[in-house]
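Quick notes on the structure that follows.
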Amino acid sequence: MVRAAKLAAILICMALVCPAAMARSAPQARIAFVIDASHAMGESWLGTTRLAACLEAVTTELKSLPLRAKAAIWLATADGPELLAAPAEADKLNTVRMHATARGERPPIAPNLAPALRWAADGQPGAVIVVGLPLGGDVMQAPGGGPFVHGLIAGPITNDRGMQAPLTLQSGGRMLSETDPARLQAALHSLVRLGLSRASLYADVRGADNKPLSVELSIASSNGKGNARPVMSNTTAQVLPNTYTVTWPTDTEIGPGTPPGLVRVGDAGQTILRAGGQGKLFVEAIDATGKALAWKITISTVPAGKVLANKTVLPFEADLPAGSLLVSVAKPPVSWSVDLAAGQTQHLVLGPRGSLTANLAGPGGPVRLPVTAIGPDASTRQWRGHTGSPLPLPPGSYRLTIQTMPPVERPCQIAPGVEQPIDLPAVGGLLIETVGTATPQRYDVIDDKDQNLGYGHTGRTLWLLPGRYVAVLPGGKSLAAEISPQRLTTLEAK
């Protein structure tokens, strides 16, 4: 009851701040379960039935979903799909008790997956998990652009793998099987974790003529845990963040160069694995006046470390195998990461470090906040500094993050030896003062999209972008705040 009262207070306050706020929801994951309900699912399976085991596994899994994730459940039958649990947020489904009767022949895959695919397509991410025996029907093409389709076979995978097998591969999904009903829920849980992942892998595979090649490769966790998984080239596959070893088929025309045997996938976004094909790389170095510098560079592949050019005097121009490259200079000691795509021409300009000064205005003058620059170019290196102070950086393009609330993100280009100023949107200040206590109290900050942005402390100024917010204090008290640029908003918490 206390939690419900707190939530109600927040919602009322949000409505006062911005009436349309609650109509705009943050991106949500969507998991659609499709359970085979054919007659064969009612047959005995080690003390239970396949249908009962699948229903129990899905019911248990609903309780572990993130609260803001949405889920829905359909039955696949010979007559078409039946909605078993209507789409809802996970916290509204964790008490669902499902019952179904096995009946009919093998369900056709296309009509039974259609409503689940349509619904899951709006998820960020969205995934469909098919549970039961192999489905039948005609070959079904994977929907372009998602969602991902994963499959869990309740029993051993035989030569009759049904229509799930090609569909999961084409859609970037994964298929598992479990021969013991006691372990079915654990297998389903691993697929749900995968279905919630915001990370993906795209294998861009080419021949020497730069034309795409269709091949089936295999990835496995580099720590040796878990089984290998097939992945189709030129298809976006949903994966967990990890470092994977890559196994390539031997009878292909991938080239030139050796396909990479390792790929690192980040926490979110698409990682591109390039194999085969070639692009053109032109590298030069200039100083702040534009004068050419005769620097010596070494170019090597990543992560294999194969040297493609060794202490070569600039300028440099050559056709190189597509993929991740590291361009290094001994004097001064600095390096650049390059992601060279097949058929692409890249022009890389090196030179002495420039600098970035990010200017941030607030109430009463400049505001000093942390700045992170990621780059240059394809590099993931992080360079840290503060607003108002020069941050030395090698030449190239960067992605900047300034730690306002919410964070400000900006692209930036640094020229050799040049100081680059960048003016950021002015921020406002929020100061919450408490009555009767000098001890700072932590409070959460909620924006007009119902997202928790972080926290501040009473008695200390918090820098916010202009907008409408709610501060939620200990005990559930909520304060609405409208922040204007370069103005300090002071509130009193009684």
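For every residue, the table says whether it meets (1) touching a Lys or Arg at 6+ places or on another chain (Cβ under 9 Å); (2) buried (at least 22 other Cβ atoms within 10 Å of the Cβ); (3) among the polar types (S, T, N, Q).
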{"site": "G47", "(1), (2), (3)": "no, no, no"}
{"site": "W74", "(1), (2), (3)": "no, yes, no"}
{"site": "R97", "(1), (2), (3)": "no, no, no"}
{"site": "A121", "(1), (2), (3)": "yes, no, no"}
Kindly list the number of the only condition in (1) touching a residue at least 12 places away in the same chain (Cβ under 8 Å); (2) assigned to a loop (DSSP other than H, G, I, E, B) that fails for L75.
(2)
For the range 456-479, name all the residues that are open to solvent by 50 Å² or more (accessible area, probe 1.4 Å) and in contact with a Leu (Cβ under 9 Å, 6 or more places away or on another chain).
G459, R460, T461, W463
Please enumerate the residues belonging to the range 373-430 that are in a loop (DSSP other than H, G, I, E, B) and charged (D, E, K, R).
R381
Among the residues of the range 54-70, are any farther than 20 Å from S177 by Cα, touching a Ser or Thr at 6+ places or on another chain (Cβ under 8 Å) and either hydrophobic (A, V, I, L, M, F, W, C) or in contact (Cβ under 8 Å) with a residue 60 or more places away in the chain (or both)?
no
When you go through P115, P134 one by one, which is the residue that is free of Cβ contacts under 8 Å to residues at least 60 places away in the same chain and either within 13 Å of F33 (Cα to Cα) or of a type in the set (G, A, S) (or both)?
P115
Determine which member of the set G151, G195 is under 22 Å from the mean Cα position of the chain (by Cα), crowded, with 19+ Cβ neighbours inside 10 Å and touching a residue at least 60 places away in the same chain (Cβ under 8 Å).
G195
Out of the range 350-369, which residues are part of a loop (DSSP other than H, G, I, E, B), open to solvent by 20 Å² or more (accessible area, probe 1.4 Å) and touching an Asp or Glu at 6+ places or on another chain (Cβ under 7 Å)?
P352
Of everything in the range 373-391 that's buried (at least 17 other Cβ atoms within 10 Å of the Cβ) and of a type in the set (S, T, N, Q), which residue is nearest to the chain's Cα centre (by Cα)?
S379
Select, from I414, I402, I446, the only residue that is among the hydrophobic types (A, V, I, L, M, F, W, C) and under 22 Å from A361 (Cβ atoms).
I402
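Rundown of residues vs (1) open to solvent by 30 Å² or more (accessible area, probe 1.4 Å); (2) within 25 Å of the chain's Cα centre (by Cα); (3) within 23 Å of S335 (Cα to Cα); (4) not hydroxyl-bearing (S, T, Y), yes/no style:
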position	(1), (2), (3), (4)
R229	no, yes, no, yes
L240	yes, yes, no, yes
V246	no, yes, no, yes
T252	yes, no, no, no
Quick check on my filter: what residues within the range 425-453 are surrounded by 13 or more Cβ atoms within 10 Å (Cβ to Cβ) and either of a type in the set (V, I, T) or farther than 19 Å from Y469 by Cβ (or both)?
V427, I432, T434, V445, I446
Checking the conditions here, which among P260, P256 is assigned to a loop (DSSP other than H, G, I, E, B), open to solvent by less than 40 Å² (accessible area, probe 1.4 Å) and at negative phi?
P260
Matching entry among K306, K225 (being farther than 28 Å from D209 by Cα and open to solvent by 30 Å² or more (accessible area, probe 1.4 Å))
K225
Taking the criterion of being among the charged types (D, E, K, R), open to solvent by less than 40 Å² (accessible area, probe 1.4 Å) and without any contact (Cβ under 8 Å) to a residue 40 or more places away in the chain, would at least one residue in the range 172-186 satisfy it?
yes
Which listed residue, of A85, A102, is surrounded by fewer than 22 Cβ atoms within 10 Å (Cβ to Cβ), at pLDDT below 95 and closer than 18 Å to A29 by Cα
A85
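Listed here are the residues, each with its yes/no results for (1) of a type outside the set (V, I, T); (2) under 30 Å from G305 (Cα atoms).
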{"residue": "S337", "(1), (2)": "yes, yes"}
{"residue": "H347", "(1), (2)": "yes, yes"}
{"residue": "P352", "(1), (2)": "yes, yes"}
{"residue": "P376", "(1), (2)": "yes, yes"}
{"residue": "Q382", "(1), (2)": "yes, yes"}
{"residue": "G388", "(1), (2)": "yes, no"}
{"residue": "I402", "(1), (2)": "no, no"}
{"residue": "I422", "(1), (2)": "no, no"}
{"residue": "A438", "(1), (2)": "yes, no"}
Residue ID - farthest from G172 (Cα to Cα), chosen from residues in the range 266-296 that are in a strand (DSSP E or B) and without any contact (Cβ under 8 Å) to a residue 40 or more places away in the chain:
A292
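Rundown of residues vs (1) in contact with a Pro (Cβ under 7 Å, 6 or more places away or on another chain); (2) at pLDDT 95 or above, yes/no style:
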{"position": "S222", "(1), (2)": "no, no"}
{"position": "N227", "(1), (2)": "no, no"}
{"position": "T235", "(1), (2)": "no, no"}
{"position": "L240", "(1), (2)": "no, yes"}
{"position": "Y244", "(1), (2)": "no, yes"}
{"position": "W248", "(1), (2)": "yes, yes"}
{"position": "D251", "(1), (2)": "no, no"}
{"position": "G255", "(1), (2)": "no, no"}
{"position": "T258", "(1), (2)": "no, no"}
Filter the range 351-369 down to the residues that are within 31 Å of the chain's Cα centre (by Cα) and in contact (Cβ under 8 Å) with a residue 60 or more places away in the chain, then identify the one that is nearest to G428 (Cα to Cα).
L360
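The values are calculated or read from the model by the stated rules, or taken from the named source; none is laboratory data. Predicted, not measured: the structure shown is a model, and the values here were computed from it. Here the Cβ is made from the backbone with ideal geometry for all residues, glycine too, and neighbour counts use every protein chain on show. SASA here: full protein model, heavy atoms, side chains in, ligands and nucleic acids out. Shrake-Rupley method; radii C 1.70, N 1.55, O 1.52, S 1.80 Å.
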